[in-house]
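Engineer: Pasting a structure below so you can have a look.
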Amino acid sequence: MKVYLISLGCPKNLTDTEVLMGKLVAAGYEITTKPAQADMIIVNTCAFLKTARDEAIQTIKKMAQWKKKGKCKQLFIAGCLPKWKKQDRFSLSPWERELEGEGFETLVDGIVDSIGLFNYCTPRIKATPPWYAYVKIAEGCNNYCSYCLIPSIRGKLKFRKVNDILAEVKGLAKRGVKEILYIAQDTTAYPKLAQLLSKTAKIDGVHWIRLLYTHPLHLTNQVLKVIAKEPKIVKYLDLPIQHASDKILRLMNRRYTRHFLETLITKIRRQIPKIALRTTVIAGFPGEGETEFRELLDFIRWAKFDRLGCFAYQRETGTPAGKMRGQVSAKVKIKRVQQVMGVQARVARELNNKLIGQTLEILIEKAAGGVYIGRSYMDAPEIDGQVLVNSKKSLSPGEFVKVRIKKARAYDLFGSTA
Ligand code: SF4
């Protein structure tokens, strides 16, 4: 029996899909990359925001066509969308109504529970390139940011054991994985994070260790010390601040202030001078007037984040923020996102220009049009920039090389092998 899987959403969902694939193969199924050949199709969905749910619905509808005209006999939905839908307040939700129009009952054959914590013995088929792997260290979230559905979809925080995670990383390193990306909804909520990081750095074969999704409130001095000390831990922190106005931070229930962020960022840069800081911010949160938005722009100019993503606030039914007064119009939200990205483009260009003349270690990922494309320690896969590399000798994907940077644009660097 052949199964075709689609993974939507973030790397956390991707690891769930990898486990799902592993379990299916262990149970005797065969994975296919062609929906036309599949007897069964599974869509592992994301429901974080309305745009993600819309994408999931469109994908399910598209896959339903294979069931109508192809070999496919069963279509399953997995992941966050069924969890989101199951909550009482969402009974007969818009997505269900939409699918009903397509004959919902016969269209979707069931729900696969793909959300959860696994251990190093759980079968898993990696869907990322051979040289890097996401490793989930915890599941769920206790933060209850006022705009976010995740705690109600994924539940309370649960942790994996340090030894279990290390056993998984050892197995991955033996199979040739060179970069480990630790993920969770909130990685800094992991109680033994410093210990986990320093033990991971001792595993042979692991070359880069990267920490994603670190909540600013839970970043401890011990973790910063380990990052500063261990050469294998990349000097990169993904620190989603979401906003910088005290009023908006309070409404978001982020439980920190602008002053806290200023102090934290200053401390991080003092302890780890080469650190590359990535952040995400939300523009157009309810109550964000011109004053609060200016505060955010000023902060971005001050903090000079190496990488920044900005999203327009999306109103979510079932969240405290969805009920707040002072919702911002779609037009203003789009304009504000553009303004943030305009400010960040100037910051990024200025920072990238400073790298000209420096030699960086680059992880080569592919060859395209006579050049090689790779990433430096400042770039996480999929979300950050890239480095275009000229080389006289032939390079292979997954290889680390020293590259001298010759040219810079806001989001990309250009260089030659040293
Ligand atoms: S930290 Fe906040 S935004 Fe992130 S998953 Fe938890 S509640 Fe959602």
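Engineer: What is the number of the single condition among (1) under 22 Å from Tyr4 (Cβ atoms); (2) in contact with a strand residue (DSSP E or B) (Cβ under 9 Å, 6 or more places away or on another chain); (3) modelled with pLDDT under 80; (4) surrounded by fewer than 18 Cβ atoms within 10 Å (Cβ to Cβ) that Lys126 does not meet?
Structural biologist: Here Lys126 meets the rest and fails (3).
Engineer: If you don't mind, there's one more thing I want to ask. Is at least one residue of segment 218-238 buried (at least 22 other Cβ atoms within 10 Å of the Cβ), within 14 Å of the ligand (Cβ to nearest atom) and outside any loop (DSSP other than H, G, I, E, B)?
Structural biologist: yes
Engineer: Considering only residues of segment 206-217 that are part of a loop (DSSP other than H, G, I, E, B) and in contact (Cβ under 8 Å) with a residue 40 or more places away in the chain, which is farthest from the ligand (Cβ to nearest atom)?
Structural biologist: Among them, the one singled out is His207.
Engineer: Within segment 370-406, which residues are assigned to a loop (DSSP other than H, G, I, E, B) and of a type in the set (A, V, I, L, M)?
Structural biologist: If the condition is that a residue be assigned to a loop (DSSP other than H, G, I, E, B) and of a type in the set (A, V, I, L, M), then Met378, Ala380, Ile383, Leu395 are the ones that fit.
Engineer: I've got another one for you. Within segment 285-294, is there a residue that is under 30 Å from Glu361 (Cα atoms) and either under 24 Å from the mean Cα position of the chain (by Cα) or in contact (Cβ under 8 Å) with a residue 60 or more places away in the chain (or both)?
Structural biologist: no
Engineer: State all residues of segment 256-299 that are touching a Lys or Arg at 6+ places or on another chain (Cβ under 7 Å), closer than 23 Å to Ala321 by Cβ and among the small types (Gly, Ala, Ser); if no residue qualifies, say none.
Structural biologist: Within segment 256-299, Ala283, Gly284, Gly287 qualify.
Engineer: The conditions are (1) of a type in the set (Gly, Ala, Ser); (2) part of a strand (DSSP E or B); (3) modelled with pLDDT of 95 or more, and Ala367 fails exactly one of them. Which is it?
Structural biologist: (3)
Engineer: Give me the pairs, please: first residue somewhere in segment 397-410 and surrounded by fewer than 16 Cβ atoms within 10 Å (Cβ to Cβ), second residue anywhere and part of a loop (DSSP other than H, G, I, E, B) and polar (S, T, N, Q), beta-carbon distance under 9 Å, and either six or more positions apart or on two chains.
Structural biologist: That search, which allows pairs on different chains as well, returns Arg404/Gln358.
Engineer: Since Ala36 meets every condition but one in (1) at negative phi; (2) at pLDDT 90 or above; (3) not in a helix (DSSP H, G or I), which condition does it not meet?
Structural biologist: Here Ala36 meets the rest and fails (3).
Residues checked against (1) farther than 29 Å from Cys310 by Cβ; (2) polar (S, T, N, Q); (3) under 27 Å from the mean Cα position of the chain (by Cα):
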| residue | (1), (2), (3) |
| --- | --- |
| Ile356 | no, no, no |
| Gly370 | yes, no, no |
| Ala380 | no, no, yes |
| Ser391 | yes, yes, no |
| Gly398 | yes, no, yes |
| Tyr411 | no, no, yes |
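Engineer: Can you say whether Lys274 is at pLDDT below 95 and either within 16 Å of the ligand (Cβ to nearest atom) or of a type in the set (D, E, K, R) (or both), as far as the supplied structure shows?
Structural biologist: Yes, satisfied.
Engineer: If Arg346 passes every condition in (1) outside the structural domain of Thr291 (by TED's automatic domain parsing); (2) out of contact with any His (no Cβ under 8 Å at 6 or more places or on another chain) but one, which one does it miss?
Structural biologist: (1)
Engineer: Still on this structure, I have one more. Of the numbered conditions (1) touching a Pro at 6+ places or on another chain (Cβ under 9 Å); (2) within 9 Å of the ligand (Cβ to nearest atom), Arg154 satisfies every one except a single condition; which is it?
Structural biologist: Arg154 satisfies all of (1) touching a Pro at 6+ places or on another chain (Cβ under 9 Å); (2) within 9 Å of the ligand (Cβ to nearest atom) except (1).
Engineer: Same structure, new question: Among the candidates Leu149, Leu117, single out the residue that is closer than 23 Å to Phe48 by Cβ and outside the structural domain of Lys232 (by TED's automatic domain parsing).
Structural biologist: Unique residue meeting the criteria: Leu117.
Engineer: Kindly evaluate Leu277 against the criterion of being touching a strand residue (DSSP E or B) at 6+ places or on another chain (Cβ under 6 Å), touching a residue at least 40 places away in the same chain (Cβ under 8 Å) and buried (at least 18 other Cβ atoms within 10 Å of the Cβ).
Structural biologist: Considered against the rule, which asks whether it is touching a strand residue (DSSP E or B) at 6+ places or on another chain (Cβ under 6 Å), touching a residue at least 40 places away in the same chain (Cβ under 8 Å) and buried (at least 18 other Cβ atoms within 10 Å of the Cβ), Leu277 comes out as yes.
The values are calculated or read from the model by the stated rules, or taken from the named source; none is laboratory data. Remember, predicted model here, so these are calculated numbers, not experimental data. Neighbour counts run over all protein chains shown; Cβ positions are idealised from the backbone, glycine included.
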